[in-house]
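The structure appears below as structure tokens.
Nothing in this text is a laboratory measurement; each read-out follows from the coordinates by a stated rule. None of these values were measured; they are calculated from a predicted model. Cβ atoms come from the backbone with ideal geometry, glycine included; neighbour counts cover every protein chain shown.
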């Protein structure tokens, strides 16, 4: 939950704004209250959209259509002002948790719960479509779980945003993995498109991941259009229903009414009973989810139930070994403390300093104090001394290694799920996680470890004693050795599929890897980028820079962006390696991220550039040091750490600081991973933090 900041409205229409709930594609969302105390979710449109007359007209039409939706499993539109400055709308506030959060924190759902969820969502779509509205962006984060059933939110406003966004070259509106093939390819969409999204949502609830895998937006969208969904983990009855929803041809998908009847019957709704009556009883929810929903729903007057963290642990937790659970010395887990107390203390200190007439640079101190610390959700001190690895996060679990031990921590609470001894006496490499496997380099091997149990599945050895952080896609693990050889290994067995050796590569260097769309992009230290066929290892093309520096690739929307430690940056056509644009820099480009049409590049200054043209949008210069970590974008902030041990979050639109966090620094800069609005930080003192981005 975000508190109010400078620039946030005190009132919107007749609603008093009491807290900021988050941000979305159209604008910010606030918790508001009417004079009678009624809680509503108020969405305020972004200024650049509000200035578009065409958007305002479409927004007004969509609001009027949404007013006609009157379904039990929808968050009812209660008020709106399309002509306001800025425009806004308010829906009934649902004090629960989103389906995305429920699966991320508590794991995949059992068969019966998924069927009941599907029946509720199908009834919601029936009401939405009956009012002449197409949702266009049904996804797990747009499904809220309340005590009396699910609620579909954000219906009826997607068309206005879509029409505005499509005026921008190359923009596709929607969420990869939940968009229908016709939506991805820009064809007209109707009710069958929402049915497709519903199938993907149910697959996500049942398995913990989408039916078209993970990876870049381009790769996921490609699979949604051309490849069959992965439904092997679903039981037969649910597999048939979900598979029919995910038919490529819209005409082959079931009508919502037929789907509702099928899911309701499978969920046990028969005779005179209806879906509303069945979902009114919380037994349809998985037990851990029901507990969290019940706790949040029990405090309807609190401004923080929707995004509040789970209660902190009160004692030691078991860890799994080969012999089963055994007690372990407790990891120190501390609940979050609000940043405001420290900020007030520092503000008082500055006031005292000024009164004493000390010669300090006042504006710089004020700038530092003007940035709050992020909300700390939990803090874990690992028992082993030493510098932890960078965290890896997936499926509600944080993985981090310290000295000769690998830990799996619950992402919501910091509780230890399991720990595993690596018996190396050193930190080893940074872990990576994909498709249920955790990959970690130590003791001259690449190890594949079951992400749920901590049991080793296989290990792979070569003559090299150092490895790059691996990448995984399509059931294959790609890793670069000390001599810049790229290995492709079967993710299930560890068997070598192919090896690509770059004869010109220098020893002791490792290629930087990016994998997307069936291609492995390997950044080689001798100044070239190689594009390798992910199936065979055959080189498709090679781009030479004429510089000896190491290359750092990133991929987005059919374009490969590559930076050189010697200073320049290029945008290349992913199919041919042809140059689209080049940007000269005197400081090198060793940190690179591409999100939503913007390229972020460091390290000595951080630049935000238009991905299509390379034109600078903003530039951020650190007070001291330089960017000394990968860049990660979550929500509307770009996160990174500097060589001075500070973590920064900058506004992606403006480059202005949003928060700053101090961490311990010894032999290296702290490391972090950003995931779904949360940043997990491991400092050099052996402490792992979870903070709200």
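What to note about this one:
- For region 373-407 and region 58-118, distance of Cα centres in Å: 34 Å
- Applying 1/(1 + (r/R0)^6) with r as the Cβ-Cβ distance of residue 617 and residue 676 and R0 = 25 angstrom yields a FRET efficiency of 0.55.
- Annotation for residue 492 and residue 85: the two label points, set 7 Å from Cα along the Cα-Cβ direction, are 6.4 nm apart.
- Pair residue 421, residue 596: separation of 7 Å Cα→Cβ label points (nm): 4.7 nm
- Rounded, prolate or oblate (a/c below 1.5 giving rounded, otherwise prolate when a/b exceeds b/c) for region 14-161 by Cα gyration tensor: prolate
- Computed extension length for residue 461-residue 70: 134.7 nm, one decimal, from 0.36 nm per residue of separation with the Cα-Cα distance subtracted.
- Each Cα pair under 8 Å and six or more residues apart adds its separation to the average, and for region 11-297 the resulting relative contact order is 19 percent.
- Calculated FRET efficiency for the pair residue 131/residue 579, C-beta based, R₀ 56 Å, to 0.05: 0.65
- Estimated FRET transfer efficiency when R0 is 51 angstrom, pair residue 255-residue 51 (beta carbons, to 0.05): 0.80
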